[in-house]
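Let me give you the structure first, and then I'll get to my questions.
The values are calculated or read from the model by the stated rules, or taken from the named source; none is laboratory data. In this text, all values refer to a predicted model and were calculated from it rather than measured experimentally. Backbone-built Cβ (ideal geometry, glycine too); neighbour counts: all protein chains shown.
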Amino acid sequence: MQNLGFFRELGSFASAYLIIMAVPGPNFAMVVQSSVHGSLRGALSAAAGLATGASLLAGLAFAGLLSAGRDEAWQGVAHAAFALTLVLIGTRALRRSMRRSVTSLSSEATLSSEASLSSKASRASTNFFTALVTAVANPLTAIFFATSILELGLTDLQASPALMAMSVFVIALSWFGFVSLMFCFTPVQKAFQLLRRPLDASLGVYLIFVGISHVAAPLIG
């Protein structure tokens with residue numbers, strides 16, 4: 001029964017994590033830049049690196065919070081922090097959508113720290129390790145993992161940190177691998193440039209709404 005409970009809560013976690021990954025940011029830019037200016041092999045290597053880094057963060061967060069998850073005080077903090085994290089990520093996406101000019105895919109990735117090396121000159125292994133460091137150094141992702149793991153009660157279901165890390169790896173690799181494949185096609189690149197502002201705005205508003213609702217629901221109920 002607890003295994004069923006874990007996978008049910010994991011489904012809720014996966015839905016929230018997919019929305020977070022869909023918001024264009026450093027990780028997203030790393031894969032897009034590799035696809036647009038490099039090769040599919042390099043982009044898939046970057047996707048694997050991001051997935052590995054994310055799984056390490058998730059596994060460490062899960063292992064470190066196994067005892068805290070049973071503390072009511074920690075759960076209260078996690079409830080508020082989880083909502084605040086969603087609102088913060090949503091606000092950043094919404095503000096980005098309101099800028100007068102949206103940075104192009106190539107220049108954004110070049111300006112970001114994870115894309116300091118040219119994809120054309122980089123080998124697949126370099127893309128992998130650069131992406132891994134980018135994922136591990138992403139503070140919002142780390143906060144999201146910690147707060148969502150506590151908020152959803154995943155630590156109470158006697159699952160192992162390895163299972164949590166493996167689940168995150170599969171989710172992240174599936175998403176970023178899909179992005180790598182899609183952005184190899186020029187029509188997809190052009191469509192994204194046209195739809196990026198409304199995409200940022202829609203995801204931003206949705207995350208802010210979910211975060212506020214998360215805090216307001218217990219008060220209303």
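What are the pairs, 6+ residues apart or on separate chains, where a residue within the range 49-78 that is charged (D, E, K, R) has its Cβ under 8 Å from a residue that is at pLDDT below 85 and buried (at least 21 other Cβ atoms within 10 Å of the Cβ)?
Partner pairs satisfying both residue conditions: 70/155.
Tell me yes or no: at least one residue of the range 186-209 is within 25 Å of residue 92 (Cβ to Cβ) and not in a helix (DSSP H, G or I).
Among the residues of the range 186-209, not one is within 25 Å of residue 92 (Cβ to Cβ) and not in a helix (DSSP H, G or I), which makes the answer no.
Continuing with this model, one more query. Taking the range 185-212, which residues are surrounded by fewer than 16 Cβ atoms within 10 Å (Cβ to Cβ), over 25 Å from residue 80 (Cβ atoms) and touching a residue at least 12 places away in the same chain (Cβ under 8 Å)?
Those that are surrounded by fewer than 16 Cβ atoms within 10 Å (Cβ to Cβ), over 25 Å from residue 80 (Cβ atoms) and touching a residue at least 12 places away in the same chain (Cβ under 8 Å): 193, 197, 198.
When both residues are 6+ apart or on different chains and their Cβ atoms are under 9 Å apart, which pairs have a first residue that lies in the range 140-163 and is farther than 15 Å from residue 214 by Cα, and a second that is outside any helix (DSSP H, G or I) and at pLDDT below 65?
Qualifying pairs under 9 Å: 155/66; 155/67; 161/66.
Next question. Kindly provide the set of residues from the range 171-180 that are in contact (Cβ under 8 Å) with a residue 60 or more places away in the chain and of a type outside the set (S, T, N, Q), ordered by number.
Those that are in contact (Cβ under 8 Å) with a residue 60 or more places away in the chain and of a type outside the set (S, T, N, Q): 171, 172, 173, 175, 176, 177, 179.
Going by the conditions given, is residue 48 of a type in the set (A, V, I, L, M) and either surrounded by fewer than 23 Cβ atoms within 10 Å (Cβ to Cβ) or within 12 Å of residue 178 (Cα to Cα) (or both)?
Working: of a type in the set (A, V, I, L, M): yes; either surrounded by fewer than 23 Cβ atoms within 10 Å (Cβ to Cβ) or within 12 Å of residue 178 (Cα to Cα) (or both): yes.
Judged against the criteria, residue 48 is a match.
A further question on this structure: Could you tell me which numbered condition residue 76 fails, if it satisfies all but one of (1) over 12 Å from residue 176 (Cα atoms); (2) modelled with pLDDT of 85 or more; (3) surrounded by fewer than 24 Cβ atoms within 10 Å (Cβ to Cβ)?
Only one criterion in (1) over 12 Å from residue 176 (Cα atoms); (2) modelled with pLDDT of 85 or more; (3) surrounded by fewer than 24 Cβ atoms within 10 Å (Cβ to Cβ) is unmet by residue 76, namely (2).
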